[in-house]
1. Scan segment 81-111 for residues that are loosely packed, with under 14 Cβ neighbours inside 10 Å and in contact (Cβ under 8 Å) with a residue 12 or more places away in the chain and jot them down.
2. Can you name the residue in segment 279-315 that is touching a strand residue (DSSP E or B) at 6+ places or on another chain (Cβ under 7 Å) and touching a residue at least 40 places away in the same chain (Cβ under 8 Å) and, of all such residues, is nearest to residue 230 (Cα to Cα)?
3. Can we say residue 14 is part of a loop (DSSP other than H, G, I, E, B) and modelled with pLDDT under 80?
4. Need pairs with beta-carbon distance below 9 Å; first residue free of Cβ contacts under 8 Å to residues at least 24 places away in the same chain and within segment 48-72, second assigned to a loop (DSSP other than H, G, I, E, B) and surrounded by fewer than 16 Cβ atoms within 10 Å (Cβ to Cβ); sequence gap 6+ or separate chains.
5. Taking the conditions exactly as written (within 24 Å of residue 375 (Cβ to Cβ) and buried (at least 16 other Cβ atoms within 10 Å of the Cβ)), does residue 53 satisfy them or not?
6. Given the conditions (1) at pLDDT below 90; (2) within 25 Å of the chain's Cα centre (by Cα); (3) in the same structural domain as residue 371 (by TED's automatic domain parsing); (4) assigned to a helix (DSSP H, G or I), report the number of the one that residue 37 does not fulfil.
7. Please specify each residue of segment 307-317 satisfying the condition of being on the phi < 0 side of the Ramachandran plot and surrounded by 21 or more Cβ atoms within 10 Å (Cβ to Cβ).
């Protein structure tokens with residue numbers, strides 16, 4: 001008679017360590033929490049309109065210009081409005097409209113305030129040119145080949161507050177700043193379109209010591225060495241992390257730090273060390289920009305040139321204490337929290353052009369007040385006139401006291 005069940009031979013049990021699975025990856029998902037403190041910063045809340053406004057201010061002049069001279073540039077200016085004239089009418093504090101001599105075509109000119117800001121912008125670039133262009137140099141040094149396609153570098157000029165014709169106008173002479181334009185073969189190219197050309201360094205970054213990143217300078221300032229380079233964290237109001245994520249974050253801070261300017265070819269791309277390197281690259285990149293922020297989609301063009309993974313944008317969601325995602329007008333802007341929440345306790349240097357951009361944002365706010373007064377029929381009183389009058393009155397009182 002056959003047995004109902006056949007007994008299998010006993011097998012030796014594997015060691016206990018084989019049965020234990022170690023999970024180094026922790027699934028961190030940020031539940032987006034609105035932080036109104038970033039909405040109160042004009043250069044951030046009005047970032048979508050700030051770029052076309054400044055670009056149009058550079059194209060127009062204090063004398064009236066027909067709108068047809070700039071209307072064809074709507075796609076390159078990326079104005080939110082379908083027509084450039086509609087965008088110009090939204091900011092009467094910066095652009096003054098008049099009727100042309102023929103066919104009632106609208107003409108626009110810069111207001112006195114916008115013309116003064118344009119001169120201040122040019123004077124700031126002339127006075128702080130070495131500081132501003134050094135940020136472009138650091139961006140090139142972050143690339144393993146120490147160069148970027150010219151089209152990619154052209155797209156970064158706005159974030160670095162460099163003139164939009166910096167590569168095209170011979171008056172700027174980019175060679176004196178240490179840059180040169182090359183073809184893909186490495187030879188110097190002077191003319192032609194942007195296809196097949198790259199922006200490189202004259203010295204290829206070999207003559208000087210590689211710069212230290214902002215995180216390394218912060219570690220030197222706090223601990224006196226770079227043996228451990230933690231990343232400054234800033235918690236948003238109402239945002240709490242799970243316990244397992246907090247434990248993972250504590251261990252993440254103690255991992256080795258790889259500078260964005262160092263070779264990273266020996267790092268395992270699936271490790272937490274690689275993720276910390278990606279986080280450091282994005283931290284350093286945003287710290288170079290004027291507002292320490294950028295539209296998320298504009299950073300995609302830098303992915304392969306900075307050695308970032310294909311889905312590097314997930315780092316913004318996995319580290320909500322480092323970055324804040326500002327959702328504005330169907331766009332997502334990435335903001336480096338340290339630049340706005342650290343106060344003076346940070347190694348990030350304020351961009352020389354930030355104060356000028358704040359004044360441009362002030363003109364945008366003033367334009368909204370002008371439109372409100374027009375609709376209500378009330379007279380508009382500019383704030384800057386009150387400030388100038390108070391300053392003049394103070395100077396007059398001081399001079400009278402000195403004479404007496």
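1. Within segment 81-111, 83, 98, 105 meet the criteria.
2. 283
3. When the stated conditions are applied, residue 14 passes them.
4. Close Cβ pairs (under 9 Å, with a partner that is assigned to a loop (DSSP other than H, G, I, E, B) and surrounded by fewer than 16 Cβ atoms within 10 Å (Cβ to Cβ)) amount to 59/73; 71/83.
5. Yes, satisfied.
6. Unmet for residue 37, out of (1) at pLDDT below 90; (2) within 25 Å of the chain's Cα centre (by Cα); (3) in the same structural domain as residue 371 (by TED's automatic domain parsing); (4) assigned to a helix (DSSP H, G or I): (3).
7. Scanning segment 307-317 gives a single hit, 315.
Listed here are the residues, each with its yes/no results for (1) in contact with a helix residue (DSSP H, G or I) (Cβ under 6 Å, 6 or more places away or on another chain); (2) surrounded by 17 or more Cβ atoms within 10 Å (Cβ to Cβ).
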residue	(1), (2)
218	no, yes
222	no, no
229	yes, yes
236	no, yes
243	no, no
249	no, yes
253	no, no
263	no, no
277	no, yes
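The values are calculated or read from the model by the stated rules, or taken from the named source; none is laboratory data. Quantities reported herein were computed from a predicted structural model and do not represent experimental measurements. Cβ atoms come from the backbone with ideal geometry, glycine included; neighbour counts cover every protein chain shown.
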